[in-house]
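Quick notes on the structure that follows.
The values are calculated or read from the model by the stated rules, or taken from the named source; none is laboratory data. Bear in mind the structure is a predicted one, so any value in this text is a computation, not a measurement. Note that we place each Cβ from the backbone using ideal geometry, even for glycine, and neighbour counts take in every protein chain shown.
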Amino acid sequence: MQAIKKFYNILRKPAVHYSLGFLTIGGFIAGIIFWGAFNTALEATNTEAFCTSCHEMRDNPFEELKPTIHYSNRSGVRATCPDCHVPHKWTDKIARKMQASKEVWGKIFGTINTREKYEAKRLHLAQNEWSRLKANDSLECRNCHEFDSMDFTLQAQRASKQHSTALANGEKTCIDCHKGIAHELPDMKGVEGFN
């Protein structure tokens, strides 16, 4: 009982201007408000509308996505920009958002603000995404496509062979074979494996 009284006295003792209890409760409430605002901002920047709000993305990669099966298909399931470019797990998402902050600099300095500049950097941009997907074992692809869920008997013969071999060997990841699946491939002259 003595310990509880001592703790209560500490909480109600005034700091310079406010009691420790007031500061603790105030800090807790401020933390909740900050976390809510942070999470709301994070989710707002994780939408197709946000991604295509700048003309660089709307006029280039988004236009390339529209004719693909990832945009329009018989099932009506559509992959949006964040589905392929932002991991779903919170910690991975935060890491990717920190990486993507470099893209803000690109927007500010007009790195790809014209079609010509975009085309000139296309190979570099694609290689960055391919490297990222290779490093994380195509994590974003696997949010929707899992070997365990594939029915190889319903796939084309070539796809069935490639997928079953990749599954058995465990050496390849989605991006090794599926470059250019949703966006046009850059000029691959001089790139190893594409000559």
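Got at least one residue in the stretch 85-96 being over 12 Å from the mean Cα position of the chain (by Cα), surrounded by 13 or more Cβ atoms within 10 Å (Cβ to Cβ), part of a loop (DSSP other than H, G, I, E, B) and in contact (Cβ under 8 Å) with a residue 12 or more places away in the chain? Break it down stepwise before answering.
Here is the first cut: in the stretch 85-96, the ones over 12 Å from the mean Cα position of the chain (by Cα) are none.
Looking through the stretch 85-96, none of the residues is over 12 Å from the mean Cα position of the chain (by Cα), surrounded by 13 or more Cβ atoms within 10 Å (Cβ to Cβ), part of a loop (DSSP other than H, G, I, E, B) and in contact (Cβ under 8 Å) with a residue 12 or more places away in the chain.
So which of Ser19, Ser75 is surrounded by 13 or more Cβ atoms within 10 Å (Cβ to Cβ), among the small types (Gly, Ala, Ser), farther than 30 Å from Tyr118 by Cα and out of contact with any Asp or Glu (no Cβ under 6 Å at 6 or more places or on another chain)? Even if it seems obvious, please write down each step before you answer.
On the way: Ser75 fails: surrounded by 13 or more Cβ atoms within 10 Å (Cβ to Cβ).
Exactly one residue qualifies, and that residue is Ser19.
Among the residues of the stretch 165-195, which ones are acidic (Asp, Glu) and either closer than 27 Å to Tyr118 by Cα or touching an Asp or Glu at 6+ places or on another chain (Cβ under 6 Å) (or both)? Can you show your working first?
Step one: list which residues in the stretch 165-195 are acidic (Asp, Glu), which gives 171, 176, 184, 187, 192.
Within the stretch 165-195, Asp176, Glu184, Asp187, Glu192 qualify.
Determine, yes or no, whether Lys189 is exposed (fewer than 13 other Cβ atoms within 10 Å of the Cβ) and within 17 Å of Gln127 (Cβ to Cβ).
Details: exposed (fewer than 13 other Cβ atoms within 10 Å of the Cβ): yes; within 17 Å of Gln127 (Cβ to Cβ): yes.
Yes.
Considering every residue within the stretch 41-58, establish whether at least one is at pLDDT 90 or above and in contact with a Leu (Cβ under 7 Å, 6 or more places away or on another chain).
No: zero hits.
Checking the conditions here, which among Glu140, Glu129 is surrounded by 11 or more Cβ atoms within 10 Å (Cβ to Cβ), in contact with a Pro (Cβ under 9 Å, 6 or more places away or on another chain) and of a type in the set (Asp, Glu)? So that I can check it myself, show each step before the final result.
Working: Glu129 fails: in contact with a Pro (Cβ under 9 Å, 6 or more places away or on another chain).
When all the criteria are applied, what remains is Glu140.
Which condition number does Gly31 fail, the rest of (1) part of a helix (DSSP H, G or I); (2) of a type outside the set (A, V, I, L, M, F, W, C); (3) modelled with pLDDT under 90 being met?
The failed condition is (3).
May I ask you to list the residues in the stretch 107-121 that are more than 20 Å from Asp187 (Cβ to Cβ), free of Cβ contacts under 8 Å to residues at least 24 places away in the same chain and in contact with a helix residue (DSSP H, G or I) (Cβ under 8 Å, 6 or more places away or on another chain)? I'd like the intermediate steps shown before the answer.
So the first thing to find is which residues in the stretch 107-121 are more than 20 Å from Asp187 (Cβ to Cβ), and the list is 107-110, 113.
With free of Cβ contacts under 8 Å to residues at least 24 places away in the same chain added as a condition, the list becomes 108-110.
Once the filter is applied, which keeps residues that are more than 20 Å from Asp187 (Cβ to Cβ), free of Cβ contacts under 8 Å to residues at least 24 places away in the same chain and in contact with a helix residue (DSSP H, G or I) (Cβ under 8 Å, 6 or more places away or on another chain), the stretch 107-121 yields only Gly110.
Kindly list, by first and then second residue, each pair from a residue in the stretch 145-170 that is among the hydroxyl-bearing types (Ser, Thr, Tyr) to a residue that is surrounded by 12 or more Cβ atoms within 10 Å (Cβ to Cβ) and in a helix (DSSP H, G or I), limited to pairs with Cβ atoms under 9 Å and residues at least 6 apart or on different chains.
Thr153/Ser160; Ser160/Phe152; Ser164/Phe147; Ser164/Phe152
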